[in-house]
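The structure appears below as structure tokens.
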Amino acid sequence: PRQDDDLGGMIIRNNEIHDCGTAGMRSFVLTDARVLNNHVYRCGWQDAENYWEVSGIKLLKTTRTLVAGNRVHDIQGGNGIWMDWDIQHSRVTRNIIYNVQCIQGGIFVEASQTPNLVDHNFLWNIDGNGIYANDSDNQLIHYNVVAHTTGPLVNSVVATERKLNGRWLTANHNTITHNLFIDGGAPVTYGGEGNVSDYNWLVTTRPPADFSVVAEQQAGRESHSVTSFSLVEFNPETLLFQWDVGGEVPQFALPADAPLAQQLGESVVPGPFHQLRPKGKLLLPEEF
């Protein structure tokens, strides 16, 4: 007999969802769920962002849930993917998100204290924060492309006065490493304690850059991160990503306790394309 109202195991896969007034997909309480390979686009046209429910994909209170391989684009007044409230041991990976206009972010993890992994995603042309982790601790943000943002590449701050699991929400102990950042409107921003942003590759395609990496390093941030002026393009119609680094491709050592270190090896090229050559092209998502 069924003992629990929520046994989990929901699978949402291979759907095409478009032209929704608010959210393309929205749920409440997901356990051991899979949201895979959906195409969500042209959502949010009702201009209801302050309703705080607008997103291409919005999942609330997930546990051990995988959000992977989705293509989310042309979202107005809402996030690309929104993981909302007490997200636990979940993963957002290998999603392609572009042309998003919102107050919050291309990917938004909200009010969560348990580690969750945001990795190997491709974000492009985000009018707002690239990845937003407000009121959240212990989030793991690694191996992503975040490009052409108007706000911070990653923003991890306390934004509200709320409690979760008996304590005030904070923005502590988040790690942001081994990402490829391109033309950010502002640097990685964080408050709280124990946050780390380092070993990232910051690329400028249209000098001068919008912010000074040297100033960040002088302030004790991005100490080992590197910069370059490179040619990088993405065609949203064909999903063709092409680049010319104009020099050597950086590699960073990967600590044994880093996320996915066992699969990736002892060193890695920042971002999701670990075999990146100095010049080339990739067709997403087939080669992603």
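Observations on the structure shown:
- In summary, Ile87 fulfils each of the numbered conditions (1) surrounded by 24 or more Cβ atoms within 10 Å (Cβ to Cβ); (2) over 13 Å from Leu59 (Cβ atoms); (3) more than 11 Å from the chain's Cα centre (by Cα); (4) not polar (S, T, N, Q) with the single exception of condition (2).
- Applying the criterion of being out of contact with any Pro (no Cβ under 9 Å at 6 or more places or on another chain) and at pLDDT 95 or above to the residues of segment 174-192, the residue that is surrounded by the fewest Cβ atoms within 10 Å (Cβ to Cβ) is Asp183.
- Being hydroxyl-bearing (Ser, Thr, Tyr) and surrounded by 20 or more Cβ atoms within 10 Å (Cβ to Cβ) is true of Ser197.
- Evaluation of Val72 against (1) more than 14 Å from the chain's Cα centre (by Cα); (2) assigned to a strand (DSSP E or B) (one fails), failing number: (1)
- Selected residue (criterion: surrounded by the fewest Cβ atoms within 10 Å (Cβ to Cβ)) from residues of segment 143-166 that are out of contact with any strand residue (DSSP E or B) (no Cβ under 8 Å at 6 or more places or on another chain) and β-branched (Val, Ile, Thr): Thr160
- Segment 226-288 holds strands (runs of 3 or more DSSP E) entirely within its bounds, and those carrying 1 or more residues that are in contact with a helix residue (DSSP H, G or I) (Cβ under 6 Å, 6 or more places away or on another chain) and either modelled with pLDDT of 95 or more or under 19 Å from Asp183 (Cβ atoms) (or both) map to 226-229.
- Number of the exception - Trp52 against (1) crowded, with 24+ Cβ neighbours inside 10 Å; (2) of a type in the set (A, V, I, L, M, F, W, C); (3) over 24 Å from His120 (Cβ atoms): (1)
- The lone exception for Arg26 - which of (1) crowded, with 19+ Cβ neighbours inside 10 Å; (2) in a strand (DSSP E or B) it fails: (1)
- The lone exception for Asp47 - which of (1) buried (at least 17 other Cβ atoms within 10 Å of the Cβ); (2) assigned to a loop (DSSP other than H, G, I, E, B); (3) of a type in the set (Asp, Glu) it fails: (1)
- Spans of strands (runs of 3 or more DSSP E) in segment 103-162 with at least 3 residues of a type in the set (Val, Ile, Thr): 145-149
The values are calculated or read from the model by the stated rules, or taken from the named source; none is laboratory data. Worth saying up front: this structure is predicted, and the values here are computed from it rather than measured. When we count neighbours, we look across all protein chains shown, and the Cβ atoms used for this are built from the backbone with ideal geometry, even at glycine.
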